[in-house]
Structure formats: C-alpha cells, structure tokens
Amino acid sequence: MAVDWQAIQDENDQLTEQLADPTVTADAGALARIGKRKKELEELLDLRGEITHAEKAIADAKEIAEGDDDSLKQLAVEEEAASQERLERLRVQLVDLTRERDPDDGKPAILEIRAGAGGDEASLFAKELYGMYVRFAEENGLAAELLSSSPSEVGGFKEVVFKLDGPEAFGLLRYEGGTHRVQRIPATESGGRIHTSTATVAVLPEAEETEFEIKPDEIRVDVFRSSGPGGQSVNTTDSAVRITHVPTGITVSCQDEKSQHKNRAKAMQILRSRLKAKRDAEAATERGDARRGQIGTGDRSEKIRTYNFPQDRITDHRVKRSFSNVKGALGGELRPIVDALREAARDDG
C-alpha cells in the first residue's frame, strides 16, 4: 500500500511546533487533541522504522544465503524466513493504523455482563466471563476497574459492570457484545447431563463529560443501603446510589464503594456511556444502518459464541470458526478470537 511518509513526517513536525506554543498549552482541549494526533503519527513513524529494519534484514539474509560460506547459508535462510514473517505482521499493523478508524476505538471500554438463561449456572458463567476479560486486560496492558455488581446467592453475578482502560480498549473488545453460551456438566449435576446456560455482554465506549452533557434537572438520584446476595445488608450507611435519567427512563445503580460520592461518580460514568450508545444507535438507524442490539434477550437460541466444555471447543458463530482450549480462553487467552473478529471486520470494510 502507498503511504505518504513525507506528509506524515511534515504533519508531525508541525504538531511539535504547536505544542511549543504557550497559547496551545494553555488550552486543555487543543492540547489533548494535538497530543492524541501526534501519538498516532509517532506510532506510524515508529512502524516505518521497524518495516525498514525488517526489509534490510531480509536483503542481508538473502545476500549471505547466496554467498560461498556454506556454514552460514542455513542460518541466513532461517533469518530470512523469520524476518519475512515479521514484515508481514508489520504490514498488517500498517493497514490497521492507516485505515479510516472509528474515533471510539481509542476510548476506554465499559462492559456490562448479565446472567441470562440457566439460573444459578448462568450467574456463575457471568462471573467467569468477567474474570476472562479482566485477565485478558492484564495480558494486554489494560487496567480493569469494577464499577457495579450484583452478586448471586451461589457466588456468581446477576450483573457486573466494569471499565477497561488503556490503548485501544474499546477497539479491541467492541465485537464481544452479544449472547455467550456455555455447554457443560455443572458441579451440582449428579446425572452427568450437559446443561446450556447464557450470559449477555454489552461493550460501550466510555463517554467523556465534555462529550455528553447531562443536565442536573434530567436526573433523579436516590440513595439506599447496600445489600449483598439474598438482600442482606452489607453496609450500615446509605451509600448506594440509584440514578434515573428521567427523559429516557434509563436507571443505573452502584453500591460497591463505601462512599456515596464514589458510587454516584461511577453511576454517572455508566449512565453517560449508556446514553451515548443510545444516541449512536438512533443515529445509525437514521442513516439506514440497521444494527442489531448487542444484548438481545439472553435466550439460549441467541448466541454469538459457544463455549463447549465436553468437546473443548469454542465456536464464534459470526466468523464461523472454532478454537480449542476453553479453559485457556476463560483464563484470558482470548487474543486469537479477538484478532479473528477484528480481521473479519476489516475485510468487510
């Protein structure tokens, strides 16, 4: 692909000059915008350096392989193959970095997981999915922050909401939204029968305060005492917060923090992201872009991915591909599936 490297270098130099301008550094919005763009350009320029290095390594290895020193020929052939493989990966990265991107891709992601069909087993599966994404985050340089949770009586989650923050968090996980299905023999099943349970996942880009304003008269705030599984009180103060967005009826509750102030801040964070998702979905409908909702009903028949324990197989039904090592995936080794989904989305244009 043709990339105008000189134009990229020139723009980067211009932004460097702007960052030295006191009027720019005094403007927080301009500083953030320029800093973000400069980071993107520097990432491209660094990638150009790696591509140049890989191309030189290939040329050097070919020259040695064609020489007279038989003792070095095999090493040169191996080095050429390794450098060629690296070059191909770098070129894929280049395509990703230079394609037209959704501006939400670089934002933190807010994930909401809810137990679907399957009772207690569904709540345990919801907790496993939460653990899967947290460990995936750890492996990929993202920070996980619990925002809200509603535990079940068996130690699972009826619902859990959390944020993943770091480079390309939403871009990495945006295709995880939908109904996930698990097929296995529960520990409580004495007859050895395979049960099917579901949990739903929604992935939202975090909405910044400056991006989505919520007026004080649009919300109703209620405070109450935090409770645990079965409704028992786990806090002696009214620190839990429920915020209702009156125009839309969207309600968010947070009770994980002991501080009412912190619970309110987290609830507002979730509310902004849900309102942004609603606004974006309505805009997409107006454009004629018919997008299916991520969550659905959670019924067993609605599924984007199946985790089959007896056959040690994970099937993603959108890309029609299967992967092995169910326990590994639930342990955070999700990258092959994430990459397959992103590649399919890129191919679809």
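The values are calculated or read from the model by the stated rules, or taken from the named source; none is laboratory data. This structure is a prediction, so every number in the text was calculated from the model and none was measured. No Cβ is skipped: glycine too gets one built from the backbone with ideal geometry, and neighbour counts run over all protein chains shown.
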Do we have any residue at all in segment 81-93 that's touching a strand residue (DSSP E or B) at 6+ places or on another chain (Cβ under 9 Å), assigned to a helix (DSSP H, G or I), polar (S, T, N, Q) and surrounded by 16 or more Cβ atoms within 10 Å (Cβ to Cβ)? no
Does residue 134 satisfy being over 25 Å from residue 250 (Cα atoms) and part of a loop (DSSP other than H, G, I, E, B)? no
Take residue 46 and tell me if it is more than 23 Å from residue 107 (Cβ to Cβ) and loosely packed, with under 15 Cβ neighbours inside 10 Å. no
Report the residue count in segment 307-332 for those that are part of a loop (DSSP other than H, G, I, E, B) and touching a residue at least 24 places away in the same chain (Cβ under 8 Å). 6
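For every residue, the table says whether it meets (1) closer than 18 Å to residue 130 by Cα; (2) surrounded by fewer than 17 Cβ atoms within 10 Å (Cβ to Cβ); (3) small (Gly, Ala, Ser); (4) modelled with pLDDT under 90.
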| site | (1), (2), (3), (4) |
| --- | --- |
| 289 | no, yes, no, yes |
| 298 | yes, no, yes, yes |
| 304 | yes, no, no, no |
| 323 | no, no, no, no |
| 331 | yes, yes, yes, no |
Considering only residues that are buried (at least 16 other Cβ atoms within 10 Å of the Cβ) and of a type in the set (Asp, Glu), which ones fall in segment 106-144? 112, 120, 121, 128
Here are 149, 197: which of them is surrounded by fewer than 22 Cβ atoms within 10 Å (Cβ to Cβ), touching a residue at least 24 places away in the same chain (Cβ under 8 Å) and within 19 Å of residue 112 (Cβ to Cβ)? 149
Would you mention how many residues in segment 228-246 are under 23 Å from residue 156 (Cβ atoms) and modelled with pLDDT of 70 or more? 2
Checking residue 68 against (1) part of a helix (DSSP H, G or I); (2) at pLDDT below 85, only one condition comes out false. Which one? (1)
Report, by residue number, each residue of segment 94-105 that is surrounded by 12 or more Cβ atoms within 10 Å (Cβ to Cβ) and without any contact (Cβ under 8 Å) to a residue 60 or more places away in the chain. 97
